[in-house]
Amino acid sequence: MGRADPRPVDALRRGLPASPPQAGRSLVTTAVNTSRRGRRSPLASVGLHATLIVASVIAVFPVLWVLLTSLKPAKYAITTDFVKETTLANYTDLLENTEFLTWFGNSLLIAGLTTVLGVFVSATTGYAVSRFRFPGKRGLMWTLLITQMFPVAVLIVPIYNIMATMGLLNQPVGLVVTYLTIAVPFCAWMMKGFFDTIPMEIDESGQVDGLTPFGTFWRLILPLAKPGIAVTAFYSFITAWGEVAYASAFMVGDENLTLAGGLQKFVNQYGAQWGPMAAASVLIAIPAALVFLFAQRHLVTGMSAGAVKG
């Protein structure tokens, strides 16, 4: 007589239902089929990598073109001879024979002030709207949102008239105020959403310790809001650093121009100085790249946290 299979008895002793041998084989088969379905075919892998390579080339090509153009003499500026007679003459000519350093300093001052004030105003506004109830709260948030819907072409004339009335044309303060009207509404909404993710218990612990609302914000909440602060600082800096329309309309005179207005000096009705313009573009990109590198580890966290709640 054949020996009985002991597995059902062992299963009953352990209090488990007996499973036939086919169940184990079916589980293995299912796992194998699942792994096969999750694995890409060689053709799909080749297509994916080819797409990524093409996208990378498209993204890098304009930047590389500008960099190589800045290193070419004027006679090769619009040709594809990228490495022929490489020279730094465009950079030396830009720094020695133009007001580039003045324009750079003006832009750095305006962008720095916009960043500092933008972070402070956006953070305090976002915290107040997130934590307190006061008359006009909903109207304030709607106002901040609606201001983002108007294009520059509609706002530039009324803002110009306001700045002229206040005597702020051709003044760095005028541009700083203008850029704050662009950066603060968006950043305040984002910071409000970020503060909504910080537990209210932290504020309550600050009140128990005798801190004022501003003390709680400054000493307890703000250190936890570094990702949101990084995004706000980056957005405020880029808004002021790369803006063209307001800077061109509000500032005149070589000593008052920002980089946006200064670059227009290289283009006239007779042609364009591509070499110096490319060199200036490379130098202009350096501060923006440094700010991005400084804030990059917080950017994704800050933007995703700020988008959790409206």
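The values are calculated or read from the model by the stated rules, or taken from the named source; none is laboratory data. These figures come from a predicted structure and were not determined experimentally. In this analysis, Cβ positions are derived from the backbone assuming ideal geometry, glycine residues included, and neighbour counts consider all displayed protein chains. These accessible areas exclude ligands, DNA and RNA; they are computed on the full protein's heavy atoms, side chains included. Shrake-Rupley method; radii C 1.70, N 1.55, O 1.52, S 1.80 Å.
Criterion first (closer than 30 Å to residue 283 by Cβ and either modelled with pLDDT of 80 or more or touching a helix residue (DSSP H, G or I) at 6+ places or on another chain (Cβ under 8 Å) (or both)) does residue 43 satisfy it? Outline the logic, then answer.
Values: closer than 30 Å to residue 283 by Cβ: no; either modelled with pLDDT of 80 or more or touching a helix residue (DSSP H, G or I) at 6+ places or on another chain (Cβ under 8 Å) (or both): yes.
For residue 43, the condition - closer than 30 Å to residue 283 by Cβ and either modelled with pLDDT of 80 or more or touching a helix residue (DSSP H, G or I) at 6+ places or on another chain (Cβ under 8 Å) (or both) - is not met.
For the stretch 93-110, the condition of being surrounded by 11 or more Cβ atoms within 10 Å (Cβ to Cβ), farther than 16 Å from residue 274 by Cβ and among the charged types (D, E, K, R) holds for at least one residue.
Taking only the stretch 219-229 into account, find how many residues are assigned to a helix (DSSP H, G or I) and touching a Phe, Trp or Tyr at 6+ places or on another chain (Cβ under 8 Å).
Start the filter on the stretch 219-229 by keeping residues that are assigned to a helix (DSSP H, G or I), which leaves 219-224, 226-229.
Next, from what is left, pick out any that are touching a Phe, Trp or Tyr at 6+ places or on another chain (Cβ under 8 Å): 221, 227-228.
Qualifying residue count for the region: 3.
Given the structure, is residue 28 at pLDDT 90 or above and in a helix (DSSP H, G or I)? When the stated conditions are applied, residue 28 does not pass them. Among the conditions (1) β-branched (Val, Ile, Thr); (2) within 20 Å of the chain's Cα centre (by Cα); (3) at pLDDT below 90, the only one that residue 110 does not satisfy is (3). Within the stretch 209-218, none of the residues are assigned to a helix (DSSP H, G or I), charged (D, E, K, R) and open to solvent by 10 Å² or more (accessible area, probe 1.4 Å). For the stretch 181-193, the set of residues classified as farther than 17 Å from residue 244 by Cβ and open to solvent by less than 40 Å² (accessible area, probe 1.4 Å) consists of 184, 185, 187, 188, 190, 191, 192, 193, listed by residue number. Going through 197, 178, 143 one at a time, which residue ends up being polar (S, T, N, Q) and surrounded by 20 or more Cβ atoms within 10 Å (Cβ to Cβ)? The unique qualifying residue is 178. Go through the stretch 247-274 and count every residue that is assigned to a loop (DSSP other than H, G, I, E, B), surrounded by fewer than 21 Cβ atoms within 10 Å (Cβ to Cβ) and out of contact with any strand residue (DSSP E or B) (no Cβ under 8 Å at 6 or more places or on another chain). The qualifying residues number 7.
In the stretch 174-198, the residues that are within 18 Å of residue 161 (Cβ to Cβ) never reach a residue that is open to solvent by less than 10 Å² (accessible area, probe 1.4 Å) and not in a helix (DSSP H, G or I) with C-beta atoms less than 6 angstrom apart, at least six apart or across chains. Out of the residues in the stretch 147-175 that are among the β-branched types (Val, Ile, Thr) and open to solvent by less than 50 Å² (accessible area, probe 1.4 Å), state the one that is nearest to residue 248 (Cα to Cα). This residue is 156.
Can residue 122 be described as buried (at least 16 other Cβ atoms within 10 Å of the Cβ) and of a type in the set (Ser, Thr, Tyr)?
Working: buried (at least 16 other Cβ atoms within 10 Å of the Cβ): yes; of a type in the set (Ser, Thr, Tyr): yes.
So residue 122 passes the test.
Reported count of residues in the stretch 68-92, each being small (Gly, Ala, Ser) and open to solvent by 80 Å² or more (accessible area, probe 1.4 Å), is 1. Within the stretch 220-246, if we keep just the residues that are out of contact with any Gly (no Cβ under 7 Å at 6 or more places or on another chain) and farther than 24 Å from residue 182 by Cα, the residue that is surrounded by the fewest Cβ atoms within 10 Å (Cβ to Cβ) turns out to be 223.
This table checks each residue for (1) in a helix (DSSP H, G or I); (2) among the acidic types (Asp, Glu); (3) in contact with a Leu (Cβ under 9 Å, 6 or more places away or on another chain).
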residue	(1), (2), (3)
154	yes, no, no
157	yes, no, no
163	yes, no, yes
169	no, no, no
174	yes, no, yes
180	yes, no, yes
185	yes, no, yes
191	yes, no, no
